[in-house]
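Take a look at the structure below.
Just so you know, all these numbers are worked out from the coordinates, no wet-lab data involved. Source: prediction; values computed, not measured. FYI the Cβ positions are ideal-geometry reconstructions off the backbone, even for glycines, and counts take in every protein chain you see.
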Amino acid sequence: MNPYRGVPVAVVLCACTVVPLLLATPAAADGALATSRFAAASRDTVKPAAPTGVKATYSTSTRKAKVTWSANRERDLVGYQVFRRLKGSTSWTKLVTTKTRSHTDSPPATGATYHYEVRAYDRAGNTSKGSTDRAVTSVDKTPPGKPSGVTAKNSQPGITVAWKTVPGAKSYVVHRRWEYDGEGNPVLKMATVTSPTWRDTTIKENLDYNYWVTAVDGGGNASAKSAPRFISRGDQAPSAPTTLKAAPHPTGIKLTWKAPTSPTAYDLSKYLIHRNGRLVDEVPIRQTSFIDTGVKHGTSYTYTMTTVDRAGHPSAPSAPAPGTAPSTGLAPAAVGELTGVMDGHEILLYWARSPEDDVSHYSVYRGLLVDGVWQYERWSDVGHYAWDDDPYRGYHQEVYNPQGGPVRWAVVAVDEAGNSLFDSGETFSHVDVIEPPPLPEE
């Protein structure tokens, strides 16, 4: 046994310095070691149970989500942690640490779905596993970004406006303002489209315009307007007619087409019709069909058309349209400039001579309205007389049985083969007159 256990000992380091030392006894050292081992053995490493009864609701009016859950039963429980993640993501964001059993959150109003989970933790800092996920879908009140890169280019037809695609946009709205002497003309909504380009075919020549574009998402949220894009519309050549077709007709070949979309009809003047590269005729801009009577039986031709504006600028030629005249029965065209008047009991008819080479004569018909249908009777034939220089022909005849009401007179050209519009069932020239009542019998 050591007689000096627990007794202070002085060690002399030098003549003037004394340092006291306390020697630990073997019994004290054994007690400290035992205490350390007990603390390590009693440390809390047990995690709380995952919270249950978790619910999540969403209010579209307040745009808030409320998460609630049941209380845990651990005696050393301190509180809860609430987490949120975007659907499709594996990354959780801690929203709050709380001692209550509910939390109200404001998820981004983007129309996306968000998942919530709750975790419990105790005094020792142990955290439970996450609860069962609960999902809510937010209302979409977030507009897409405004379009950028807007361009406006003169084209034919119209002005072509284009811009960069906006992520999340389902459609785009194009706005336009006519710029005139710096005045504040209204901004008009022109079109809603789904692709990042649009052609304005309603513009007029020699005017200035500004264009804006807004993006709209699936929830109907509209972005701010893009930066304006200014363009000056000069005097452009018009566009050609479209879908030109040529088909056989009893009097020749009938052409049909669709009017050009730009510029507007106000800026257009007429159409020029070409057969095999040569000008055949010109027709008013309001017309969308034409019958070419200057063709031969069974002969094929190729037609093109051009549009001419009021300034005299012609369009490029339309796409060619092939057509073949009927091989037989090609009736002369309807006579032009037909007029008719009653002079007492005598009918006076006048019309322009047909320019066709094979016209033999003209047949004159008188029509009566029977049960809503005009019934015709041929009254006379009038010679064509190709040698005559008079550009008009006429017919005078006393009406021996006047109706005392409306009567229709028709004049039809007949060729040397006997073909006429009357026999083909096509529309022919006619004029309506009022006949006097019959003369009283003597």
Mean Cβ neighbour count within 10 Å, used as a protection proxy, ranking 193-199, 62-68 highest first: 62-68, 193-199
Helix 26-41 axis, angle to the chain major axis (alpha carbon atoms, nearest 10°): 20
Length-normalised contact order of the chain in % [C-alpha pairs under 8 Å, at least 6 apart]: 9
Anisotropy class of the chain from Cα gyration tensor, a/c 1.5 cut: prolate
Dipole moment magnitude, nearest 20 debye, the chain about Cα centre, only Lys, Arg, Asp, Glu C-beta charged: 6600
Relative contact order %, region 336-434, counting alpha carbon pairs below 8 Å whose residues are six or more apart: 34
For the chain, calculated [θ]222 nm from helices alone, where every DSSP H run of n ≥ 4 adds -39500 (n - 2.57): -1500 deg cm²/dmol
Whether region 336-434 is rounded, prolate or oblate, judged on the alpha carbon gyration tensor where a/c under 1.5 counts as rounded: oblate
Charge context of S106, other residues only, Cβ under 10 angstrom, K/R +1, D/E -1: +1
Debye, to nearest 20: dipole size of region 55-137, +1 on Lys, Arg Cβ, -1 on Asp, Glu Cβ: 120
Taking V283, V364, V411 and counting other C-beta atoms within 10 Å, the order from fewest to most: V283, V364, V411
Per-peptide average of other Cβ atoms within 10 Å, ordering 92-104, 318-330 highest first: 318-330, 92-104
